[in-house]
Amino acid sequence: MKVSETEAGSTAGPRVLFVKVTRGLGGSSSVLVRMVPNLLKLGVDASVLVYRNSDRVNTLAAVGVPIYEIGIQGPIPPPLVSILGAPVPTPVFFRIARHSVRFIRQARPDVVYFNSPRYGLLPVFAAAKALGCRTVCYYRETLDLLKAEKLAMRHIDRVIALSDAARLHFEQQGVDPNRLRRVYDALDYAAIKRRTANIPRVESDKFRIAIIGALIPRKGHRYLLEAIGRLLPEIPHLHVSCIGTGVDEEPLRIMARELGIEHSVAFTGFSNEVPVLLKNMDLCVAPSLAEGLVPQVALEALAVGTPVIASDLVGTREAIHDGKAGIDVPRKDVEAVATAILTMARTPIFAPKLGVYGQEQFKAGRFSPQSEAMAVRDVMTEVMN
């Protein structure tokens, strides 16, 4: 067990311990790295508790944020198991709860903020409530709540959803509507413009499609590959870049070979330069099965003027303005994905118009990190009062 040696700053704002209990390096880590520095500027005294540290989260230590690490190695075992339909704590539950008590006492937070928690919520939540902390839970996705989560939701002070539609989803899941707040996801448009300003667009005789994110079933890669398999005989210049890593990489490679499209699909691995890559794409496809708004990469695509095809999830229409900045398609609908790609590829003037509209939303300040941080700070202040 370890904690960074950086001492927490002395500010007049709320003291908040941000808890990240998932393993991934994706959206939830990005949210912490983006949001916490902006909250520091607003007077929030922040610290972070993680099951296992990562280079991305550890960048917060460089700006004076204490990082507390429980130190679980290897796959994270479930803290709860179901026995006769009831959630029962496992030994790892008590181990995590014990160390959480220790770190919460060190951090002395007014509020414990759970960042996309899922199954890891309960041990740290139990420790936080036992020590009298206020609690806020932030969800990036709109998956059905687990039994353990529903139990916790009865006692969490506030739940943050990424869209109005996501807020309604959680209300339908049984969360008290008086405890629900909507805070839109954010993107640092100014930083993206700086990173891409001097990057020229490279023309190509291919129609370049990007799908960016963890190679896991929830991201829906298979539906794009099936769509490409249907379209290639008609539009042979399509080319897909699958940017990311994950457990589905080999099954997806096998699928591409079986569909006969392996020469039109490239698996390029993880990249820290997503906006730069997107600037040289004709289209970004995000066929996810569950998100809170849309995948972060879809917002990045809109920021650089690349149009988006995204699953019609609970918040998609709020992000792409009912088709003005992209096309929304039903989940798991290969034919709809294929039709949308065909429309983009065969109408050269259509896609750029969508891209321009998407950029205008960011220029107007929508999805700004500053707005996100102020909204989150307001939620923290609210629960303290």
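Look at M380, M374 and count the other Cβ atoms within 10 Å of each Cβ; fewest to most, that gives M374, M380. Within region 122-201, all pairs of alpha-carbon atoms sorted by distance into 5 Å bins from zero give the percentages 3, 13, 22, 17, 12, 9, 6, 7, 5, 4, 1, 0. From the cross-link list K206/K332; K150/K332; K20/K219, which pairs have alpha carbons spaced over 24 Å apart? Result: K206/K332; K150/K332 exceed 24 Å. Residues C284, C133, ranked from the fewest to the most other C-beta atoms within 10 Å, line up as C133, C284. Rounded, prolate or oblate: pick one for region 171-229, where a ≥ b ≥ c are the square roots of the eigenvalues of its C-alpha gyration tensor, a/c under 1.5 means rounded, and failing that, prolate if a/b is larger than b/c, else oblate. It is oblate, given that a/c is not under 1.5 and a/b is not larger than b/c.
When region 209-282 is described by a simple charge dipole with +1 on each Lys and Arg Cβ and -1 on each Asp and Glu Cβ, the residue from H263, P233, I243 located farthest towards its positive end is I243. Relative contact order of region 123-228: 18 percent, from C-alpha pairs under 8 Å at least 6 residues apart in sequence. Computed over all pairs of different Cα atoms, the Kirkwood value for the hydrodynamic radius of region 179-281 is 15.4 Å. In this Cβ point-charge picture (+1 for Lys and Arg, -1 for Asp and Glu), region 184-296 has a dipole of about 280 debye about its Cα centre. Near R105: Cβ cut-off under 13 Å, other residues only, Lys/Arg at +1 and Asp/Glu at -1. The net charge is +4.
Counting 0.36 nm for each residue step from H155 to R218 and taking away their Cα separation leaves a gain of 19.8 nm. Based on the Kirkwood radius over alpha-carbon pairs, what is the Stokes-Einstein translational diffusion coefficient of region 105-247 at 20 °C with 1.002 mPa s viscosity, in µm²/s? It diffuses with D of about 114 µm²/s by this estimate. Between K129 and A375, the FRET efficiency estimated from the beta carbon spacing at R0 = 30 angstrom works out to 0.80.
Read-outs throughout are calculated quantities, based only on the coordinates presented, and are distinct from any laboratory measurement. In this text, all values refer to a predicted model and were calculated from it rather than measured experimentally. Methodologically, a virtual Cβ is constructed for each residue, glycine included, from the backbone with ideal geometry; neighbour enumeration extends over all protein chains shown.
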